[in-house]
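Asker: My questions all concern the structure below.
The values are calculated or read from the model by the stated rules, or taken from the named source; none is laboratory data. Quantities reported herein were computed from a predicted structural model and do not represent experimental measurements. Here Cβ is always computed from backbone atoms with ideal geometry, including for glycine, and neighbour counts include all displayed protein chains. Note: accessible area is taken over every heavy atom of the protein model, side chains too, but ligands, DNA and RNA are not part of it. Shrake-Rupley method; radii C 1.70, N 1.55, O 1.52, S 1.80 Å.
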Amino acid sequence: MPRKKFVAGNWKMYTSLESAKALAMDIAKGLVGDTKVTVALCPPLPYLTAVAWAIKGSSVAVGAQNCHYEKEGAFTGETAPSMVLDSGCQYVILGHSERRHGLGETDDLLNKKLKAALAAGLEVIFCIGELLSEREANKTESVLETQLKGGLAGLTAEQMAKVVIAYEPVWAIGTGKVATPDQAQEAHAFVRKTISGMFGEKVASELLIQYGGSVKPDNAATLMHLPDVDGALVGGASLKADSFLAIVKAAG
Ligand code: PGA
């Protein structure tokens, strides 16, 4: 069976309550009757419930941008996976480079978060990607392998059905510098091969691997029709309904 494309918008720390609801509703309206592509929106945490309500009954899913690994407890400012689920989310993004590199999240921590999120019933968009210095030192594959082996350690093949990998070269995030089709395809094929080694051929062939990093309407079609690219995780271009919808259309 061909893999269904999956496009997710990562709104990061942008929007207001009103603009988040309006953006989500415009996107949902623009996708009425269009079921070719799976679509999810990941607003800032305080707006999750409002956005989920605003587009309830539409084909568009909601995701959070982070969660904690404990079920509850004295963790000031944190959010348990079950709370994310309760807020109307189906997905959670984990391992984004802005959290790995900006906030020091490690593979071990992400492994705990991933297991907790899956146990709570969330699906996970797990981000991996190399820094520019690592690419230039020819370390892209070893970095990706370490992030996959560390982050996905101890997961079962069954759990992997609820995990999407987002390959996001750090040097392409928010920079306007997009990976070339060759660079993207090469990295995605490597991810699929690594997953095959870890979880078997079936899991690898069904795994969705999104590309992320400066995806825009004008480069989306080329990237998303590469053999091992199954969609996109979109930052900047997901903050306007028309550009995000154009990217979703390019995936279909
Ligand atoms: P960008 O962000 O599309 O703005 O490069 C992608 C991401 O951070 O997921």
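Asker: If you keep only loop residues by DSSP, which trypsin sites (Lys or Arg not before Pro) in the stretch 70-164 have at most 13 other Cβ atoms within 10 Å of their Cβ?
Answerer: Of the trypsin sites (Lys or Arg not before Pro), the ones in loops of the stretch 70-164 whose Cβ has at most 13 other Cβ atoms within 10 Å are Lys71.
Asker: Taking the square root of 5 times each eigenvalue of the Cα gyration tensor, what semi-axes in Å does the equivalent ellipsoid of the stretch 6-251 have, largest first?
Answerer: Whole-Å semi-axes of the equivalent ellipsoid: 25, 22, 17.
Asker: Here is a further query. Of the cross-linked pairs Lys29/Lys249; Lys115/Lys162; Lys71/Lys115; Lys71/Lys149; Lys71/Lys113; Lys113/Lys149, which ones have a Cα-Cα span greater than 20 Å in the structure shown?
Answerer: Lys71/Lys149
Asker: To continue, here is another question. Considering only protein heavy atoms and a 1.4 Å probe, what is the carbon-and-sulfur percentage of the accessible area of the chain?
Answerer: For the chain, the apolar C and S fraction of the accessible surface comes to 55 percent.
Asker: Take the alpha carbon atoms of the stretch 185-243, find their center, do the same for the stretch 77-148, and report the distance between the two centers in whole angstrom.
Answerer: Here the answer is 16 Å between Cα centres.
Asker: Here is a further query. Within 10 Å, at most 15 other Cβ atoms, and a DSSP state outside H, G, I, E, B define an exposed site. Report the longest part of the chain free of exposed GluC sites (Glu not before Pro).
Answerer: Answer - 79-252.
Asker: Projecting each Cα onto the charge dipole of the stretch 6-251 (Lys/Arg +1, Asp/Glu -1 at the beta carbon, about the Cα centre), which of Thr222, Ala22, Phe244 comes out farthest on the positive side?
Answerer: Ala22
Asker: For the chain, what does -39500 (n - 2.57) per DSSP helix run (n ≥ 4), summed and divided by total residues, give at 222 nm, in deg cm²/dmol to the nearest 500?
Answerer: The helix-only estimate for the chain comes to -13000 deg cm²/dmol at 222 nm.
Asker: Got a sec to turn the phi values of the stretch 237-242 into Karplus ³J(HN,Hα) couplings, 6.51 cos²θ - 1.76 cosθ + 1.60 with θ = phi - 60°, whole Hz, x for Gly and Pro?
Answerer: Taking θ as phi minus 60°, the curve returns 6, 8, 8, 10, 4, 5 Hz for the stretch 237-242.
Asker: OK, next. Could you give me the percent of Cα pairs per 10 Å distance bin for the stretch 1-60, shortest bin first, beginning at zero and ending with the bin that holds the maximum distance?
Answerer: All Cα pairs, binned at 10 Å, distribute as 23, 53, 20, 4 percent.
Asker: Hey, another quick one. Which whole number of Å³ per residue matches the convex hull of the alpha-carbon atoms in the stretch 122-239?
Answerer: Expressed per residue, the convex hull around the Cα atoms of the stretch 122-239 is 95 Å³.
Asker: Could I have the simple spin-label model distance between Trp53 and Asp108, label points 7 Å from Cα toward Cβ, reported in nm to one decimal?
Answerer: 4.2 nm
Asker: Under the rule of at least 5 residues apart or a separate chain, name every residue whose amide H is placed under 5 Å from the amide H of Ala232.
Answerer: Phe6, Val7, Ala8, Tyr211
Asker: What trypsin sites (Lys or Arg not before Pro) does the stretch 166-252 have in DSSP loop regions with at most 16 other beta carbons within 10 Å?
Answerer: In loop regions of the stretch 166-252 (DSSP not H, G, I, E or B), the sparsely surrounded trypsin sites (Lys or Arg not before Pro) are Lys177, Lys240.
Asker: Give the accessible surface of the chain per residue, rounded to a whole number of Å², with probe radius 1.4 Å and ligands, DNA and RNA excluded.
Answerer: 45 Å²
Asker: A further question follows. Cut-off under 19 Å on the C-alpha distance; same-chain residues fewer than 8 positions from Lys4 excluded. Which aspartates and glutamates are left, in chain and number order?
Answerer: Asp34, Glu123, Glu158, Glu201, Glu206, Asp228, Asp230
Asker: Same structure, new question: Would you work out the charge dipole size for the chain about its Cα centre, treating the Cβ of every Lys and Arg as +1 and the Cβ of every Asp and Glu as -1, and quote it to the nearest 20 debye?
Answerer: In total the dipole reaches around 460 debye.
Asker: At 0.36 nm per residue, minus the direct Cα-Cα distance, what do Ser205 and Leu17 gain on full extension? Give it in nm, one decimal, please.
Answerer: Taking 0.36 nm per residue and subtracting the Cα distance, the gain is 63.8 nm.
Asker: Between rounded, prolate and oblate, where does the stretch 19-136 land on the alpha carbon gyration tensor, with a ≥ b ≥ c its root eigenvalues, rounded for a/c under 1.5, else prolate if a/b exceeds b/c?
Answerer: In terms of gyration-tensor shape, oblate.
Asker: Toward the positive end of the charge dipole of the stretch 6-251, about the Cα centre and with charges on Cβ (Lys, Arg +1; Asp, Glu -1), which of His96, Gln183, Ala153 goes farthest?
Answerer: Working it through, the farthest residue towards the positive pole turns out to be His96.
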